[in-house]
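Shown below is the structure under consideration.
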Amino acid sequence: MNLDALNKVAEAMVTPGRGILAADESTGTMKKRMDAISVENTEDNRRDYRELMFRATDAMEYVSGVILYDETIRQKAKDGTPLVKLIEQANSIPGIKVDEGARELLGARGDLVTKGLDGLDKRLPEYYELGARFAKWRAIIDPTKGRPSYAGLVANAHALARYANLCQEFDIVPIVEPEVLMDGDNDIDHTFAVTEWVLKEVFQQLYYLNVKLEGIVLKPNMIVPGKKAARQASVDEVAEKTIRCLKACVPSAVPGIAYLSGGQADELATAHLSRMNQIGNFPWKMTFSYGRALQAAAQQAWSGKSENTAAAQRAFMHRARMNGLASLGKWNETLEKQAA
Ligand code: 13P
């Protein structure tokens with residue numbers, strides 16, 4: 001393990017003004033995205049769509065790294081250039097999702113546990129050869145219906161730590177992603193309490209598994225109420241509670257925090273990040289690692305037609321730029337409304 005190299009990559013991933021594009025949707029998740037724009041979910045369509053993003057060099061200025069899926073890290077652009085090369089040419093870092101989804105953990109109140117540890121020590125060096133310098137593993141925590149159970153919480157935190165430990169052994173920066181879902185009716189204070197519990201356990205397990213915090217990036221949820229909660233929260237409340245929760249749980253040795261968007265509306269995900277960076281006074285960089293909130297507008301604009309490529313790239317550029325500004329606390333609604 002080369003901790004200096006890991007730390008350099010982690011720092012680059014959270015460079016102020018830039019953040020991470022989560023383009024690691026599995027083939028099944030891509031089907032949902034393609035269905036939404038009435039496009040057939042073929043390998044070529046997935047390639048064409050992702051290629052247009054990686055070739056949008058002005059948008060990629062705001063993208064420090066791209067999380068890829070196994071298919072994509074091996075794919076070539078139409079002209080034969082590996083997609084990984086396009087990302088590198090844009091001065092961005094290729095990364096790879098290495099978890100294999102989740103299954104139910106039996107006897108644990110319906111909690112899920114993430115799969116993918118078996119054989120990970122064989123896959124990581126291959127991904128490094130293919131160009132990946134960081135990886136992602138997502139643990140899913142449902143904060144409703146009496147969940148999570150302690151069993152579910154510990155199993156997920158332990159798996160995250162096993163994954164992170166292996167990544168560092170192979171000189172790959174682990175993105176540690178414990179996601180407390182926001183689809184339910186949980187209020188914001190319940191999200192706070194569950195997220196706090198999850199993060200405490202995750203950092204304990206990272207310590208037990210000898211993970212070096214200087215060489216990770218944390219990808220948490222923000223402290224938001226569930227979508228079905230009786231009361232939604234203001235941007236200020238989300239920003240203040242998220243910072244408070246993270247300060248109570250995340251050691252300052254961690255270089256940066258890159259939030260998931262988790263189903264927040266595009267603009268709200270940007271507003272929350274910007275407000276947190278305006279408030280400041282925390283020891284880490286704070287940026288984005290958005291999937292849906294960075295791509296939804298571009299997918300709509302593209303709709304599977306090559307003549308829409310430039311429009312899709314403009315839509316992607318606009319969201320990437322807005323989120324880049326948010327990572328500096330410099331986003332505002334006037335800039336948002338300016339034509340992409
Ligand atoms: P969202 O921003 O759409 O939540 O996706 C980020 C991600 O990588 C989830 O694992």
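Identify, by number, the condition in (1) in contact with a helix residue (DSSP H, G or I) (Cβ under 8 Å, 6 or more places away or on another chain); (2) assigned to a strand (DSSP E or B) that Pro225 doesn't meet.
If we test Pro225 against (1) in contact with a helix residue (DSSP H, G or I) (Cβ under 8 Å, 6 or more places away or on another chain); (2) assigned to a strand (DSSP E or B), just (2) comes out false.
Write out, first by first residue and then by second, each pair whose Cβ atoms fall under 7 Å of each other, whose residues are 6+ apart or on separate chains, and whose first residue, in the stretch 239-260, is modelled with pLDDT of 95 or more while the second is among the polar types (S, T, N, Q) and crowded, with 22+ Cβ neighbours inside 10 Å.
Every condition considered, the pairs that remain are Cys245/Thr195; Gly256/Thr287; Ala258/Thr287; Ala258/Ser289; Tyr259/Ser289; Leu260/Asn221; Leu260/Ser289.
If the requirement is being of a type in the set (S, T, N, Q) and either within 16 Å of the ligand (Cβ to nearest atom) or in contact with an Asp or Glu (Cβ under 8 Å, 6 or more places away or on another chain) (or both), which of these qualifies: Gln204, Gln264? Even if it seems obvious, please write down each step before you answer.
On the way: Gln204 fails: either within 16 Å of the ligand (Cβ to nearest atom) or in contact with an Asp or Glu (Cβ under 8 Å, 6 or more places away or on another chain) (or both).
The match here is Gln264.
Residues Ala132, Ala155: which one is hydrophobic (A, V, I, L, M, F, W, C) and either surrounded by fewer than 23 Cβ atoms within 10 Å (Cβ to Cβ) or under 20 Å from Leu209 (Cα atoms) (or both)?
Numbers: Ala132 fails: either surrounded by fewer than 23 Cβ atoms within 10 Å (Cβ to Cβ) or under 20 Å from Leu209 (Cα atoms) (or both).
Within the list Ala132, Ala155, the selection yields Ala155.
Would you mind stating whether Gln278 is within 16 Å of the ligand (Cβ to nearest atom), within 28 Å of Thr195 (Cβ to Cβ) and either surrounded by 14 or more Cβ atoms within 10 Å (Cβ to Cβ) or not hydrophobic (A, V, I, L, M, F, W, C) (or both)?
Details: within 16 Å of the ligand (Cβ to nearest atom): no; within 28 Å of Thr195 (Cβ to Cβ): yes; either surrounded by 14 or more Cβ atoms within 10 Å (Cβ to Cβ) or not hydrophobic (A, V, I, L, M, F, W, C) (or both): yes.
Spelling it out, it is not the case that Gln278 is within 16 Å of the ligand (Cβ to nearest atom), within 28 Å of Thr195 (Cβ to Cβ) and either surrounded by 14 or more Cβ atoms within 10 Å (Cβ to Cβ) or not hydrophobic (A, V, I, L, M, F, W, C) (or both).
Return a yes/no flag: does the stretch 284-302 have any residue that is more than 21 Å from the chain's Cα centre (by Cα) and either of a type in the set (D, E, K, R) or buried (at least 19 other Cβ atoms within 10 Å of the Cβ) (or both).
yes
Name, by its number, the condition in (1) modelled with pLDDT of 95 or more; (2) of a type in the set (A, V, I, L, M, F, W, C); (3) more than 16 Å from the ligand (Cβ to nearest atom); (4) touching a helix residue (DSSP H, G or I) at 6+ places or on another chain (Cβ under 9 Å) that does not hold for Ala230.
(4)
So Asn323 clears everything in (1) away from the ligand (no atom under 16 Å from the Cβ); (2) within 18 Å of Leu218 (Cα to Cα) except one condition, right? Which one?
(1)
To keep it simple, each residue is scored yes or no on (1) assigned to a loop (DSSP other than H, G, I, E, B); (2) over 27 Å from Ile216 (Cβ atoms).
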{"site": "Lys8", "(1), (2)": "no, no"}
{"site": "Pro16", "(1), (2)": "yes, no"}
{"site": "Lys32", "(1), (2)": "no, yes"}
{"site": "Tyr49", "(1), (2)": "no, yes"}
{"site": "Val66", "(1), (2)": "no, no"}
{"site": "Asn91", "(1), (2)": "yes, no"}
{"site": "Val113", "(1), (2)": "no, no"}
{"site": "Gly116", "(1), (2)": "yes, no"}
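Within 16 Å of the ligand (Cβ to nearest atom), under 18 Å from the mean Cα position of the chain (by Cα) and within 30 Å of Arg133 (Cβ to Cβ): does that describe Gly215?
Numbers: within 16 Å of the ligand (Cβ to nearest atom): no; under 18 Å from the mean Cα position of the chain (by Cα): yes; within 30 Å of Arg133 (Cβ to Cβ): yes.
Spelling it out, it is not the case that Gly215 is within 16 Å of the ligand (Cβ to nearest atom), under 18 Å from the mean Cα position of the chain (by Cα) and within 30 Å of Arg133 (Cβ to Cβ).
Could you tell me whether Leu160 is over 21 Å from Lys285 (Cα atoms), more than 15 Å from the ligand (Cβ to nearest atom) and surrounded by 21 or more Cβ atoms within 10 Å (Cβ to Cβ)?
Working: over 21 Å from Lys285 (Cα atoms): yes; more than 15 Å from the ligand (Cβ to nearest atom): no; surrounded by 21 or more Cβ atoms within 10 Å (Cβ to Cβ): yes.
For Leu160, the condition - over 21 Å from Lys285 (Cα atoms), more than 15 Å from the ligand (Cβ to nearest atom) and surrounded by 21 or more Cβ atoms within 10 Å (Cβ to Cβ) - is not met.
The values are calculated or read from the model by the stated rules, or taken from the named source; none is laboratory data. What you see is a predicted model; the values in this text were computed from it and never measured. All Cβ positions, even for glycine, are placed from backbone atoms using ideal geometry, and neighbour counts span all protein chains on display.
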